[in-house]
Every structure is written in structure tokens, then in C-alpha cells.
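Notes follow the structure.
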Amino acid sequence: MPPEPDLCFAAAFAPALLDPVRPAPEIVTGPNGKAAGKRYDVYRNNVTVSLIDALAAIYPAVQRITGTDFFRAMARFHVRGTPPISPLLSDYGRDFPAFIAQYEHAQMMPWLADVARIERAWLDAYHAADAAPLSPAQLAAVAPERLDGLVLIPHPAAGIVRSQFAAVTIFAANRDTSPVGRIDAATPEDALVTRAEFDVVVRHLPPGGAAFASSLMSGRPLGEAAARALDAAADFDIASNITGLIEAGAFTSIAFGDV
Amino acid sequence: MTTAIAPDMSAVPLRYSAPIGGVAGTSFKPAHLQAILGAKQQRGFFEVHAENYMGAGGPPHRALEGIRRDHPLSLHGVCMSIGGPQPLDKAHLARFRELVARYQPALVSEHLAWSTHETSFFNDLLPLPYTAATLRNVCDHIDQVQDAIRRPLLLENPSTYVAFRESSMSETDFIRAVAERTGCGLLLDINNVFVSATNHGFSALDYLADFPLSRVGEIHLAGHAEQADDEGDLLLIDSHDGPVADAVWKLYEIVIQRRGPVPTLIEWDSKIPDWPVLRAEAAAAQAILDRCRPAGLTGDRHAA
């Protein structure tokens, strides 16, 4: 239902907030007939700068890699084209990695979008529901003949990001201020992101590990997940991988059969 | 009464916290968590932006639980868009209610402003015209919030940079009418009064004389920044990034003398200083509150 005609002020006020070409809306003014231009610009500036700041807070490694000026210019384009649709800014910027992937000036950094995907997964893990992770003893108690049909319930904070580039190493090297050495960006790396209790941890999964963990986290039984992992990497070690996932806090509990 | 009765969880959590009286508090910033928890428990309270604690879990809730264990809390909503023409976001209102239930804040407040239009969230406190139609709309929205949280909301006066040609009443008349119709309380932001008075060329003292002080349940003090308008005249920006200005302190003292002690918050949201700096601003407000304590309530001072 459209608002009554007397409530059209927001429809008149809003469009120029993210469009610097439009003049200040006719409905507003300064006092005693003064102009509204620079006054309205305060709102434009508040909106744009606060949303760029929100992206900078979610993507600090991307900003460190690109430098602040490059990042803010890139983020400004994204903010103007894709403003938030939720008042929760921790949900903002989900489209930013895809924007980076097609951003003309970032083409010489083809791994940058995947670093952003890891940062987005990091924040999701940070805010995810708290849950006690599955203990290794619970898995050890399962009878061997039942392992094939075992289903693991994923932890709310667990996520996987796959990359054709060394995204995990680049992410880890740029999340703080210590010097970054030379990185071979061409080595594919998949990330496991978890938060068992307080701290979000990003791990580099071994070959086949992402296929394995993705299958398990989408509710496929252990036997099927292992087959997918072996398809991806012939030397895949099931025992060490399942132990690694559980120790990382990727799951909360055990079930059997399809769930 | 020792009979155990299974609680109705939909009704039980919305308890009031005890009134906190004339104490000064500060914004809670996560960077200060260790300094606050490491210090001896002190008089005062902490205020948080509700939206920063609407995630499902994780470190933000751990921090807020740690703060809430030993201190009264003020829950300050920033994004409800109460002043906007479109219906309130029901999911957002539910999240707000959940926080009130979970943390049982002593104070709950929101803004006379809007931040969402159609599907876009602008992350700023945007202004509205003051007309009969916007008055009905704001009152309707506040009724909905108060129905959800089952307690009076404190509504904050805005800082503004533009005026609407269509406005037909003053901001103080509008706010008084909202309070009378909805029964809400008011959060008087004295820095906002000073900023708006400068920007629109009116007297801050006249505004405060017109403001329904008896409804004020909390006061905000904050720093502002200076820019210029199109004519080159001073335009103040409500930046919350520095100490409270001397002129705002003077207005505060006048309000407290007239109103008596009210919970007072030092707001500092950007260029966050070290904890002792913020705590010292709160101590300055506390000194004014204690000095203006009405006669008869000074017994603790004599006993000391």
C-alpha cells in the first residue's frame, strides 16, 4: 500500500542520497530562504561514507591489499549501485565479492574476490549462533559398520570457500599489519571457516578436503562424502580429514541416514 | 509464595530493570571491554546500539553479557525508521523485542528519524517534516514499538541540517504531541539541540524552554564538528567523534537545574578515545548531576 499523499517526503528525499548528479530535493530548504545544497550533502556524505566504512570493516584484508584509496573508490561504486536492504550492516556486502570479480580495475588481482569471500565467511562465522562442537569421542564411539551411513550436523558457524588461487594464504597474510612476504598466488587453496567457541579460525583444506567437507555439511553420509573426496584427490586420507574437521569444530552432532 | 509455576516465556522476559536515577554513563565500545571488566565496578551505565547485537551469537553477545552482569544497560535503537512513511519492519521489531527481553535494559530508546525507503537502508538518521500526517504516522509506529516491548520508549530529538517547506508545526510542538498521544518518554539530546539551533538559526534556550522536560527519561551529550553551508555560514555536524563542547555543557547544567537529575549518556561513536578519556567525560556529567541533586537526597554525602 503506497503511503498517503502527505507522506511522500521520503520518496522525494531518498533518490539523490546515492546519486551525486541529482540536485538536493525541492522539498527541503535552509532557514530563511538559504540554500539546501551543502546541507543536503551532509546526508549524502553520511550515507555514502558510513556504507563504505561498513564494507571496509567487513573486508579489511581486501582494503590492505588494494590500498585505502583504491578500496574506497571501488566500494563507492558498489554502495551506489547496491545499497543495503537490511538494517543489519553485518549482513551487508554479500554481493561485494562478485562485484570485485567483475570490477574493471581489479582484473590484475584475480584472487581478490576469493579473499573477499573468505572475509565474508569470517564475519558470518563471527555472528553465527553459538553451539557446542562435536567431540572426537562421540565419533570414536560409533560402531565401524555404521560409519558409512553416518551423517554429521554442521556447526552454525562452519563455512567453506573454494579458490583457484592461494586465497587462504593471501587472506591470512593481510588480516593484520605484519609485513607480507612473496606469495605464489597460482596455488589453489580451499578454506574451512569455523568458530568452535570465541575465535573464528580459517584453515587451509588439503586436496579433496573441500569436496569432502561440502558433502558432509550438505547432509550427505560419510561413505558418499569420502567417495567424492577420492574422486577429487586419489590420495585423500579419510581418517585425518574427518579428525581435522571435527577438531576444527565443523559439526555439532551425529545422525544416521539422510537428514 | 513458594509455589512453582511454569513461566509463560512469551510474557516473562519483558521485565523492567530498576530505575537508575541521576547517573552518568557512556557508549559501550568493544575496544574498552577489558579495561571496563578489569576495573573495580563503578557507578554508571552503558549504552549500546541495538543493531550491533542482533546477530545470532558470537563475541558481541559474550561482551554484552559481561557488561550487563555488573552494570545497568541502555538499549538504543538506530534503525527502526519510526519517522518513515512505510510500515515498520516486523522482523526488525521482533529482533528489538528479543534484545529487550534478553538483556532487560534500564532504558530503551529510538530516534525521531527514518533510515529505510522502499527496500534501501541508508544507515543515517534522516529528517522528516512536522505535519498532522507525519504526526499520526510517528504515533502509530511508536504505539507498535511500545506494544511489542510492553514499556514506554524514549524518543530522541534529532539533529538536522535542512528544513521541510511543508512543515506546519515546530519540532518541540511535534515531540510534545507525540509524547502526549503515545505516552512515550523522551531522550533529550542536548548536542542535537545545539547543532540544530546553530544550523537553523534558532535559540537553543528557547527550544529547551519549549521542550516537555518532565517527560525526559535520559539525556545524551556528544561532540560535534564544524563545516560551512552554501552561504559560508557555520554548519554543525553531529559527529560523535570528540569531547562535549563547552556550550553544550552549559545547556546541560541549565536543563539539570530545571529538570533535576536524569540518566545522562556521553555518546562517542567514532575516533574512539582510550577508556579513561571517555570515563572522564562521564565523570564531568556526574559532577553536574550530583551538584544539582535536589535537597533532601544528599544524605549519603553527609554520611561520608
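In chain B, the sites counted are GluC sites (Glu not before Pro) in DSSP loop states with at most 13 other Cβ atoms within 10 Å, and the longest stretch holding none of them, exclusive of the sites, is B:1-117.
Here the relative contact order of the range B:145-205, from alpha carbon pairs under 8 Å that lie six or more residues apart, stands at 46 percent.
Just need the relative contact order of the range B:24-293 here, percent rounded to a whole number, with Cα pairs under 8 Å and 6+ apart. Before the final figure, lay out each step's value.
Values: 478 pairs, mean separation 45.3, N = 270.
In percent, rounded to a whole number, it is 17.
Ranking B:Gly201, B:Asn157, B:Ser167 by how far each Cα lies toward the positive end of the dipole of the range B:24-293 (charges on Cβ) leaves B:Asn157 at the top. Only Lys, Arg, Asp and Glu carry charge here, each on its Cβ (+1 for the first two, -1 for the last two); on that basis the range A:128-259 has a dipole of about 220 debye about its Cα centre.
Candidate cross-link partners of B:Lys250 among the aspartates and glutamates, defined by an alpha-carbon separation under 16 Å and a same-chain spacing of 8 or more, comprise B:Asp189, B:Asp206, B:Glu281, B:Asp290.
Backbone N atoms of the range A:178-205 closer than 19 Å to the 7 Å Cα→Cβ label point of A:Arg162 belong to residues A:186-194, A:203-205. Sequentially through the range A:104-121, phi angles give Karplus couplings (6.51, -1.76, 1.60; θ = phi - 60°) of 3, 7, 9, 5, 7, 10, x, 8, 5, 5, 5, 4, 4, 4, 5, 5, 5, 5 Hz, Gly and Pro residues having no value and appearing as x.
Taking other C-beta atoms within 10 Å as the exposure proxy, A:Ile254, A:Ile65 rank A:Ile254, A:Ile65 from fewest upward.
The string of couplings for the range A:179-191 from the Karplus curve (6.51, -1.76, 1.60, θ = phi - 60°) is x, 9, x, 6, 10, 7, 5, 7, 7, x, 9, 9, 10 Hz, one whole number per residue in order, with x for Gly and Pro.
If the only charges are +1 at each Lys and Arg Cβ and -1 at each Asp and Glu Cβ, what is the size of the charge dipole of the range B:24-293 around the Cα centre, to the nearest 20 debye? Don't skip to the answer; put the middle values down first.
Values: 24 positive and 35 negative charges, 295 e Å.
Charge dipole, the range B:24-293, about its Cα centre: 1420 debye, nearest 20.
Estimated from the Cβ-Cβ distance and a Förster radius of 35 angstrom, the FRET efficiency linking A:Ser240 and A:Arg182 is about 0.75. Residue-wise HN-Hα couplings along the range B:166-171, as the Karplus relation 6.51 cos²θ - 1.76 cosθ + 1.60 with θ = phi - 60° gives them from phi, are 7, 4, 10, 9, 6, 4 Hz; Gly and Pro carry x. Straight-distance candidates among the lysines for linking to B:Lys29, with alpha-carbon spacing under 16 Å and chain neighbours fewer than 8 residues away dropped: B:Lys271.
Here's how it looks for B:Val216: its modeled amide H is under 5 Å from those of B:Leu186, which are all 5 or more places away or on a different chain.
Dividing the mean sequence gap of close Cα pairs (under 8 Å, 6+ apart) by how many residues the range A:1-109 holds gives a relative contact order of 19 percent. Can you figure out the FRET efficiency of A:Ala140 with A:Ala227, using R₀ = 25 Å and their beta-carbon distance, to the nearest 0.05? After rounding to 0.05, the efficiency reads 0.65.
In terms of other Cβ atoms within 10 Å, B:Ser239, B:Ser74 run from fewest to most in the order B:Ser239, B:Ser74. Relative to a virtual label point 7 Å from the Cα of A:Leu147 in the Cα→beta-carbon direction, which members of the range A:189-225 show backbone nitrogen distances below 13 Å? Residues A:222-224 fall inside that zone. With the simple spin-label model, which puts each label point 7 Å out from Cα in the Cβ direction, the A:Phe256 to A:Met108 separation comes to 5.9 nm. Projecting the Cα positions of A:Ala239, A:Pro221, A:Pro133 onto the charge dipole of chain A (unit charges on Cβ atoms of Lys, Arg, Asp and Glu, taken about the Cα centre) puts A:Pro133 furthest along the positive direction. Under 5 Å between amide H atoms, partner at least 5 residues away or on a different chain: which partners does B:Leu235 have, H built in plane at 1.01 Å? For B:Leu235, whose amide H was placed from the backbone, the distant partners under 5 Å are B:Gln227, B:Ala228, B:Asp229.
What is the dipole size for chain A, taken about its Cα centre, with +1 at each Lys and Arg Cβ and -1 at each Asp and Glu Cβ, in debye to the nearest 20? Intermediate results must be reported in sequence, preceding the final value.
On the way: 20 positive and 28 negative charges, 195 e Å.
Dipole of chain A, to the nearest 20 debye: 940 debye.
Distance from the C-alpha centroid of the range A:197-258 to that of the range B:46-112: 37 Å, rounded to the whole angstrom.
Would you list A:Asp95, B:Asp89, A:Asp124 from fewest to most Cβ contacts within 10 Å?
Values: A:Asp95 12, B:Asp89 18, A:Asp124 22.
Ranking A:Asp95, B:Asp89, A:Asp124 by Cβ neighbours within 10 Å, fewest first, gives A:Asp95, B:Asp89, A:Asp124.
Calculate, for A:Glu26 and A:Phe70, the FRET efficiency according to 1/(1 + (r/R0)^6) with r their C-beta to C-beta distance and R0 51 Å; round to the nearest 0.05. Efficiency at R0 = 51 Å is approximately 0.90.
None of the figures in this text is laboratory data; all of them are computed from the coordinates on show. Only a predicted model underlies this, so the values are computations on that prediction, with no experimental measurement involved. Cβ coordinates were reconstructed from backbone atoms using ideal geometry, including for glycine residues, and neighbour counts include every protein chain displayed.
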